[in-house]
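*Asks:* Structure in structure tokens, see below.
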Amino acid sequence: MRVLNERELLENAVSADDRLARGKALAILAAGVDAVDPATAVKTFVHLEDGVLKVGSLVFDLSKTGRVFVVGAGKASGLMAEAVEEMLNDRIEQGLVNVLAGTEGRIRTRRTRMNGAGHPIPDEAGCRGARAILEIARSTREGDLLLCLISGGGSALMPLPVEGVTLADKQLLTNQLLKSGANIEEVNAVRKHVSQVKGGQLSKAAFPATVVSLILSDVVGDPLRSIASGPTSPDPTTFQDAVEILTRYGVWQRTPASVRAYLERGTRGEVPETPKPGDPVLSRTHNVIVGNNRLAAEAALKEARRQGLNTLFLSSLVEGEARHVGSVYAGIAREIVASGHPIARPAAVIAGGETTVTVTGSGRGGRNQELVLAASLKIRGVSGVVIASMGTDGLDGPTNAAGAIVNGQTVGRARKAGLDPLTALAENDSYAFFKGLGDLLFTGPTMTNVNDLAVIVAL
């Protein structure tokens with residue numbers, strides 16, 4: 001990964017120590033993202049030797065296997081497909097993967113077609129691709145092998161609403177959920193119950209063929225049911241759960257009538273539930289995690305040690321309201337400076353996970369930008385400290401930035417530039433705030449996605 005505006009970020013430093021800390025933070029984040037390169041992740045778990053395909057502990061003699069198909073969806077799934085095709089080549093009968101629109105031209109495959117689609121709000125291109133993927137799954141028969149390549153972003157990139165629910169209705173539903181403060185598992189529990197593909201239904205369509213899903217996780221804790229809304233995983237949630245989530249977050253009354261009607265039919269048992277644990281249609285499905293946030297965090301720690309820093313791995317399971325998490329990170333930074341606890345300077349603290357933002361203002365931003373904006377208020381005036389946070393996919397919320405970086409002088413610089421951090425936080429307008437300072441992180445789409453990565457550097 002390359003930070004496209006690294007020079008500007010370093011030039012914004014107010015001292016030599018600040019410049020050094022910024023450089024180290026950016027190098028640490030880059031190392032973490034590079035470690036979860038999708039192609040590398042696939043090649044670590046998948047091997048072909050003498051006609052025998054090994055996926056983790058699974059073994060398939062291709063001379064005795066029927067046709068091989070490749071499908072998938074997600075921001076990293078294109079590069080995963082490239083790695084699979086490099087191994088299997090003409091053994092692939094047919095393939096289709098939904099990827100982030102604008103990245104399809106970066107993938108080099110012959111047998112597997114890339115279909116660019118919208119994210120985070122699903123679009124018609126995603127629907128067309130999802131319908132074609134479902135048709136491929138239904139075309140399989142016993143003895144065939146369906147390889148599913150799943151990564152973060154797959155929920156939005158593989159949309160196929162149930163009959164009676166329009167794409168516009170699902171777009172509105174998704175937009176409302178993303179702004180409600182619901183976490184990703186709750187969002188996906190709802191999406192699964194208005195989809196023809198999610199919640200194990202892709203595996204159901206392929207049964208009795210063998211399904212092997214290679215999964216790059218973007219959900220805290222790697223719950224299979226929630227990564228891309230679990231198209232090949234049993235779904236323990238119910239229609240009633242979906243209704244309760246929409247009600248809990250105050251979204252139910254604003255939910256499109258077609259969605260409410262379908263979910264209510266589901267609670268009455270008038271439409272089938274998603275496949276549950278133990279359902280026979282999932283008995284020939286194997287799900288394999290090939291990469292996750294912890295792997296990225298471990299690589300970031302290794303780079304921090306190479307940079308001569310004492311290191312502490314906080315967690316790869318961080319969740320919560322972004323601004324609150326940012327305040328906690330700032331508190332840790334201040335404690336390091338004040339007392340040398342929990343780790344002595346020069347230090348780097350690494351954390352991963354995925355926070356949420358409850359949108360109440362009219363501004364624009366992402367969870368990583370809001371996190372570090374909140375942190376900047378708590379480290380004001382503290383020297384030698386930098387806090388940076390980014391989405392490993394290179395896109396933070398509905399913005400083109402990956403995240404942002406702050407230090408003890410951020411608030412002072414902002415005030416001199418006529419920017420008010422408190423107003424920006426109240427209005428959820430972190431993007432404009434950091435754009436005005438030149439402290440956004442720009443990487444472009446990284447073609448991977450394993451949640452967010454944050455680093456505290458204290459020199």
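The values are calculated or read from the model by the stated rules, or taken from the named source; none is laboratory data. Source: prediction; values computed, not measured. Note that we place each Cβ from the backbone using ideal geometry, even for glycine, and neighbour counts take in every protein chain shown.
*Asks:* For the stretch 130-186, name all the residues that are among the polar types (S, T, N, Q) and in the same structural domain as residue 54 (by TED's automatic domain parsing).
*Replies:* The answer is 139, 140, 151, 155.
*Asks:* Given the residues 66, 32, which is the only one that is modelled with pLDDT of 95 or more and part of a loop (DSSP other than H, G, I, E, B)?
*Replies:* Exactly one of 66, 32 is modelled with pLDDT of 95 or more and part of a loop (DSSP other than H, G, I, E, B), namely 66.
*Asks:* Has the stretch 60-78 got at least one residue that is surrounded by fewer than 21 Cβ atoms within 10 Å (Cβ to Cβ), outside the structural domain of residue 368 (by TED's automatic domain parsing) and within 21 Å of residue 447 (Cβ to Cβ)?
*Replies:* Looking through the stretch 60-78, none of the residues is surrounded by fewer than 21 Cβ atoms within 10 Å (Cβ to Cβ), outside the structural domain of residue 368 (by TED's automatic domain parsing) and within 21 Å of residue 447 (Cβ to Cβ).
*Asks:* With (1) surrounded by 15 or more Cβ atoms within 10 Å (Cβ to Cβ); (2) farther than 30 Å from residue 136 by Cα; (3) of a type outside the set (Gly, Ala, Ser) as the list, and residue 85 as the residue in question, which single condition is left unmet?
*Replies:* (2)
*Asks:* Looking at the stretch 380-430 only, could you name the residues that are among the β-branched types (Val, Ile, Thr) and over 30 Å from residue 292 (Cα atoms)?
*Replies:* Passing the criteria: 382, 410, 411, 423.
*Asks:* Looking only at residues in the stretch 134-157 that are part of a loop (DSSP other than H, G, I, E, B) and at pLDDT 95 or above, which one is nearest to residue 73 (Cα to Cα)?
*Replies:* 140
*Asks:* If you don't mind, there's one more thing I want to ask. Which condition number does residue 250 fail, the rest of (1) buried (at least 24 other Cβ atoms within 10 Å of the Cβ); (2) more than 16 Å from the chain's Cα centre (by Cα) being met?
*Replies:* The number of the failed condition is (1).
*Asks:* Can you pull out every residue in the stretch 333-356 that is crowded, with 22+ Cβ neighbours inside 10 Å and out of contact with any Gly (no Cβ under 7 Å at 6 or more places or on another chain)?
*Replies:* Within the stretch 333-356, 333, 336, 347, 348, 349, 350, 351, 352, 354 meet the criteria.
*Asks:* Return the residues of the stretch 354-372 that are touching a strand residue (DSSP E or B) at 6+ places or on another chain (Cβ under 8 Å) and either over 10 Å from residue 389 (Cβ atoms) or of a type in the set (Lys, Arg) (or both); say none if nothing qualifies.
*Replies:* Answer for the stretch 354-372, where residues must be touching a strand residue (DSSP E or B) at 6+ places or on another chain (Cβ under 8 Å) and either over 10 Å from residue 389 (Cβ atoms) or of a type in the set (Lys, Arg) (or both): 354, 356, 357, 358, 367.
*Asks:* Let me ask something else. Quick one: what pairs do we get from the stretch 256-280, first residue among the aliphatic types (A, V, I, L, M), second outside any loop (DSSP other than H, G, I, E, B) and buried (at least 16 other Cβ atoms within 10 Å of the Cβ), C-beta under 6 Å, 6+ apart or different chains?
*Replies:* 259/169; 259/173; 263/239; 263/242; 263/243
*Asks:* Let me ask something else. Taking the criterion of being over 30 Å from residue 414 (Cα atoms), free of Cβ contacts under 8 Å to residues at least 12 places away in the same chain and either within 24 Å of the chain's Cα centre (by Cα) or in a helix (DSSP H, G or I) (or both), would at least one residue in the stretch 97-105 satisfy it?
*Replies:* yes
*Asks:* Within the bounds of the stretch 393-414, is there any residue that is part of a loop (DSSP other than H, G, I, E, B) and over 19 Å from the mean Cα position of the chain (by Cα)?
*Replies:* For the stretch 393-414, residues part of a loop (DSSP other than H, G, I, E, B) and over 19 Å from the mean Cα position of the chain (by Cα): present.
*Asks:* Just the residues that are assigned to a loop (DSSP other than H, G, I, E, B) and in contact (Cβ under 8 Å) with a residue 60 or more places away in the chain, please, taken from the stretch 201-243.
*Replies:* Residues satisfying the conditions are 207, 208, 209, 217, 218, 219, 220, 221, 222, 224, 231, 232.
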